[in-house]
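I have placed the structure first, in the form of structure tokens, so that the comments after it can refer back to it.
The values are calculated or read from the model by the stated rules, or taken from the named source; none is laboratory data. Bear in mind that the values here come from a model prediction, so they are computed numbers and not experimental data. Cβ sites come from the backbone with ideal geometry, for glycine too, and all protein chains shown count toward neighbours. Only protein heavy atoms, including side chains, enter the accessible area calculation; ligands, DNA and RNA are left aside. Shrake-Rupley method; radii C 1.70, N 1.55, O 1.52, S 1.80 Å.
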Amino acid sequence: MNAITAMQVGFTYPNAAQTVLHDVSITVATGSCFGLLGPNGAGKSTLLGLLTGILPLQQGEILFSDAARHHIALTPQDYAFYPSLTLQENLTCFAGLYGLTGAQKQTHIDFAVHACGLEEHLHKCAAQCSGGVRRRLNLAISLLNQPKILFLDEPTVGIDAQSRHFILNTIRQLQQDGMTIIYTSHYMEEIQSICDVLAIIDHGKLLLQDTLANILQRAEALPVTTEKKNAQRLEDFYLSLTHTALRD
């Protein structure tokens, strides 16, 4: 069963000279960790905006499974909390915005705090926390409604190896518990580590969707001069599709 089916999705920003997405069709299986790859400006953020309802659908169709339709959340690349509030105050505020009250509100906050390892930081002002703690707070806020589908837009940018390791393990556990994950990142080793299906887009077009195993097998056929690890082979395959020209 598919959690998301997007068919021939297209989008153009108002007054823009070029179309951002051209007839993009993807399917995201329930319970999968779906990696969305593409260079800067490829259309990834626009596609996420359409899938999450932030942007209005102009062309095509996006269908959600009945179980997931009203249970989605986004962890954005930018910090999405109040820096002048403590972590506890932020979580309480956003839980209220989700409409959570009473015992259910506290249960959901406790779940998010534990999942993101924030127990020792709740009293701290968000602005004074490390980058790793702030990234985990960003994730915790998106977990407050215990979504069926979680969209993650480069959730490990600018943090240390320990925080990255923790966040990736958290995502693995969420998937094991049945959550569907849509994950964007420029770190190929992260994609190779947690994703089971990949879609690669460039210039607003879908170049391919396939399982990670099949893509790595195709990458094996690329000419190399030295032995490479999986993540390096994935990057070579990705560059063979999107090319090496710099992007804005």
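Of everything in segment 11-22, what is among the aromatic types (Phe, Trp, Tyr) and surrounded by fewer than 16 Cβ atoms within 10 Å (Cβ to Cβ)? Give them in sequence order. Hit for segment 11-22 is Tyr13, nothing else.
The single condition from (1) surrounded by fewer than 18 Cβ atoms within 10 Å (Cβ to Cβ); (2) at positive phi that Glu154 fails is (1). Pairs linking a residue in segment 164-189 that is more than 21 Å from Gly49 (Cα to Cα) and touching a residue at least 12 places away in the same chain (Cβ under 8 Å) to a residue that is open to solvent by 70 Å² or more (accessible area, probe 1.4 Å) and assigned to a helix (DSSP H, G or I), with Cβ atoms under 6 Å and 6 or more positions apart or on different chains, are Met188/Glu235.
Test Leu122 against the stated conditions and say whether it is under 29 Å from Asp66 (Cβ atoms) and not aromatic (Phe, Trp, Tyr).
no
Screening Gly60 against (1) open to solvent by less than 60 Å² (accessible area, probe 1.4 Å); (2) out of contact with any Leu (no Cβ under 9 Å at 6 or more places or on another chain) leaves a single unmet condition, (2).
Of everything listed in (1) out of contact with any strand residue (DSSP E or B) (no Cβ under 7 Å at 6 or more places or on another chain); (2) within 19 Å of Val157 (Cβ to Cβ), the single unmet condition for Ala16 is (2). When you check Asn145 against the structure, is it within 23 Å of Gly31 (Cα to Cα) and open to solvent by 20 Å² or more (accessible area, probe 1.4 Å), yes or no? For Asn145, the condition - within 23 Å of Gly31 (Cα to Cα) and open to solvent by 20 Å² or more (accessible area, probe 1.4 Å) - is met.
Restricted to segment 160-248, the set of strands (runs of 3 or more DSSP E) holding at least 1 residues that are buried (at least 16 other Cβ atoms within 10 Å of the Cβ), of a type in the set (A, V, I, L, M, F, W, C) and at pLDDT below 85 is empty. Anything in segment 23-53 that is at pLDDT 95 or above and open to solvent by 70 Å² or more (accessible area, probe 1.4 Å)? List them, or say none. Passing the criteria: Asp23, Thr30.
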